[in-house]
Amino acid sequence: MIGVSVLKRTRYVPLDTETPIMGAGGRVDGAVGGWVGWARWPGVGLAGWQSGGVDLTPTAPPLRPPENRVDPRAPRWWTVRAVLAVAAALAVQLVALAGTGLGWLVGTLVVTAVVGAGYAVVMPRWRYRIHRWEADEEAVYTLVGWLRLEWRVAPISRIQTIDTALTPLQRLFGLATVTVTTASSAGPLRIEGLDADEAARLARRLTEITQSHPGDAT
Amino acid sequence: MSDPRPGAPEVPDGLVPDGLAPDGTAPDGLAPDGLAPDGSTHNGPSPDHPAHDGPFPDEGAASTAASTAEAAPHGRRPRSAAEAAPHGRRPRSAAGVAPEGVAPGPGLEGGGPEGGAWLRLDPRVLAVFPLRQAGALIPLVAVLLISGQGQGAWQLLGALIPVAVVLAVGVSKWATVRYRVGGERVELRGGLLHREQRSLRRDRVRTVDLRANPAHRLFGLTVVEIGTGTSSTKEGRLSLDAVTVAEGERLRRLLLDRSPGTPHTGTSHTGTPHTGTSHTGTPDTGAREASAPEAGAGAVGRPSDPGVTRVPPRDAGTEVARLHASWLRYAPLTASGLVAVGAVVGTAFRVANDAGVDVASWATVHAAGDELDAVPLWVGVVALVASVLVVAGLGSVAVYVEGWWGYRLTRESDGTLRLRRGLLTTRSLSVEQGRMRGAEVAEPLLLRLVGGARCAAITTGLDAKTSNRGALLPPAPLAEAHRVAAAALLLADPAAGTDAPLVRHPPAALRRRMTRAVAPAAVLTLAVWALNDVLPGFGWSWPAALLLPPAAALLAADRYRNLGHSLRAEYLVISQGSLVRRRVALQRRGIIGWRLRQSPFQRWAGVVTLDAVTAAGAGRYSVVDVPLARAVELVDQVNPGLLPTA
């Protein structure tokens, strides 16, 4: 169980440290395969592409990942989801095989099973190491993905709605998803795999914060 | 468990959640306590009853959505989490549209006595409606008259029935439809079979467009489209079909006027148009609060006075751009001709079919077919392509002339940008400056070859993708496009907007363009080579396929050449694309969020894609393949301190 998150002055701080929560930067740089050192990219190729007298000297300090991990039960949920997806793919092929008796379907079946098993084993763990979120009185900030990474940041003043939702599968694990919608058609920010209670608290807290930022959020 | 902000449930993407009025009143008849900020009704999943909140216990998505569903029956219902998760978007519902069946709350001005009188559409619409339907009816009537089975009188009766129905529908529409402009709302109700009741909050009205087809113009009428900024949903619009041109003009000026003292609130643009840019986003709150007291006083009109509020004085506006005859040279190079030709041919065939004419049986067609059989295949192909090109070119010119005849872009004294155009069907489009989030100059390849470009506004409430919505200029010289874009954004110099000098992207971006273009082309070439033996008669395809990789490389080089970005004082400028080269100037304060994406390949190349998320236009605009440090720097310069940095 992840600890109760209480919004202090600017960001959520875990009270219960039963599960270690990553600090700023810290282990992440070295922890995720292929992702190592992304924060140290400043300077890569910069000298080669200055043009038009525009000053390209990096002025911003390097990005750090969001502070909080998702609930430790999330990998289990992702595993079940992956297994279900793979099972569905296998079932379709089995039915096709039974119906047609085509020999090459056996080959695709085996490939699906092997790739699917690898996916179900690797993806949830990998995802768990990457998925992070942070919310303070300025912005909501997320990092999701496993092969493709995606950082999202939405200023609080631009948030339109905050929703929480549980799929039946999520409820099985006591998890929930918080969806933060802005006025854009580019899609909402989503923090999935939070402890259900924590998600509700986060949503309530964010709602309160957003209420203090009236405006049309566009 | 959804936790929308009060008032938010009826707010579509991109709109002002006016439910957040500082005094906490919910304007749309929603009981505010249903959405109390204390969270008491949020029904978060508590350990005690995790699965029993909301009427759909099995679906798990509980919620305030459920409670709002009762109040806002716009097809809103609690979505199951399973449904919600994949797309996660709130169901769009109308902007301040009071749905049928929801009685306006007692505090609503629109329903109160201070609202304007209910007005009818112009009676001349009775003549227009049959005229417009006549085109569709002619084939039907003709078929019934010519090929009808019955005897004379019955035959005539059969033909008259559809006509009578059309007339009856027109009369009933005119007789039942009423509209009025109240102090706070614009309302429309009526319809006999299809009953309709619409109500838009005046402070959410963003566009008032006038459109008149030839039938309308014959009778001096115009269709008024009132939009609230929801780009695509029907609920956010209100259409008056039709009123007199003078009435349409009055409505346009009345509803778009943002000068202080008018009953609705919002950005004010009087006098100095430059203030427009400083009123986007959250800062309007002050204005809203300030003018709220005036709303009561200003809104009160005599019930007998249909105007309700004073109409701002008519003005000609200052001209920003007008049509030049020489621009016609760009017309054949637009794709609209092909589309138009297809539409015309399709319609012709359909009408001919309806009328019972069998096109394929025409002797001439047969004769042409016979002659074509006699000539070699390639002659036929060349002739066909040439004729299609000629017809499409002529069609494009026709579409250009019809669409852009009399084009004028003006800046009205109230700060709105107004575009007028059209030969047969005239159109007038007004864009409130406070909604402008940027501009785009696009150069499709053909136009680019002759130095032409298009220019469109990036605004909330207009969908940049739908054909001409947002277009500020017909295809025109590139410099003119940049100039109009700058003028639309109130910039003195195009170099501060779309014509800014750009920062080139790193060499990794070139490598990625090359890989992504050449690799598929090479695979395709290899596939053709492998199939060469299998497909006899396509011996020429193998050498032809050899041209693919070089062509792809050229495309990739051009794509890289066009990649670039620049951060100006007020705008983020992004350039990309080859087949359609686009320059986008996006207002910094119009950016409502950021997204950084990185695929494994980008990770190897050491670059990311930075998306500037906005409520307007395409929703997001991408800076492709920049080093992460540059991306972070861009975000930090636009929104200092937003990204948590180490």
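Okay, here's what the table says:
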{"item": "Complete set of residues in region B:619-638 that are of a type in the set (Gly, Ala, Ser) and either part of a helix (DSSP H, G or I) or more than 9 Å from chain A (Cβ to nearest Cβ) (or both)", "result": "B:Ser622, B:Ala629, B:Ala631"}
{"item": "Out of A:Gly103, A:Gly118, A:Gly99, A:Gly52, sole residue that is open to solvent by 20 Å² or more (accessible area, probe 1.4 Å) and modelled with pLDDT of 90 or more", "result": "A:Gly118"}
{"item": "Residues (surrounded by fewer than 24 Cβ atoms within 10 Å (Cβ to Cβ), of a type outside the set (D, E, K, R) and at pLDDT 90 or above) located in region B:448-471", "result": "B:Leu449, B:Val450, B:Gly451, B:Gly452"}
{"item": "For B:Arg603: the one exception among (1) in contact with a helix residue (DSSP H, G or I) (Cβ under 9 Å, 6 or more places away or on another chain); (2) at the interface with chain A (Cβ under 7 Å from one of its Cβ atoms); (3) surrounded by fewer than 24 Cβ atoms within 10 Å (Cβ to Cβ); (4) in contact (Cβ under 8 Å) with a residue 12 or more places away in the chain", "result": "(4)"}
{"item": "Count of residues meeting criterion [under 20 Å from A:Thr207 (Cα atoms) and within 9 Å of the chain's Cα centre (by Cα)] in region A:133-173", "result": "2"}
{"item": "Criterion (touching a strand residue (DSSP E or B) at 6+ places or on another chain (Cβ under 8 Å) and either surrounded by fewer than 23 Cβ atoms within 10 Å (Cβ to Cβ) or at the interface with chain B (Cβ under 9 Å from one of its Cβ atoms) (or both)) met by exactly one of A:Ser212, A:Ser184", "result": "A:Ser184"}
{"item": "Matching helices (runs of 4 or more DSSP H) fully within region B:472-586 where at least 1 residues are modelled with pLDDT of 90 or more, of a type outside the set (A, V, I, L, M, F, W, C) and within 30 Å of B:Arg420 (Cβ to Cβ)", "result": "B:478-488"}
{"item": "Yes/no for B:Arg408 being under 24 Å from B:Thr498 (Cα atoms) and either touching a Gly at 6+ places or on another chain (Cβ under 7 Å) or among the polar types (S, T, N, Q) (or both)", "result": "no"}
{"item": "Flag if B:Gly564 is under 31 Å from the mean Cα position of the chain (by Cα) and free of Cβ contacts under 8 Å to residues at least 60 places away in the same chain", "result": "no"}
{"item": "Residue within region B:608-618 that is open to solvent by 20 Å² or more (accessible area, probe 1.4 Å) and assigned to a strand (DSSP E or B) present", "result": "no"}
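The values are calculated or read from the model by the stated rules, or taken from the named source; none is laboratory data. None of these values were measured; they are calculated from a predicted model. Quick reminder, even Gly has a Cβ in these numbers, built from the backbone with ideal geometry, and neighbours come from all protein chains shown. Keep in mind that these areas ignore ligands, DNA and RNA; they rest on the heavy atoms of the full protein, side chains included. Shrake-Rupley method; radii C 1.70, N 1.55, O 1.52, S 1.80 Å.
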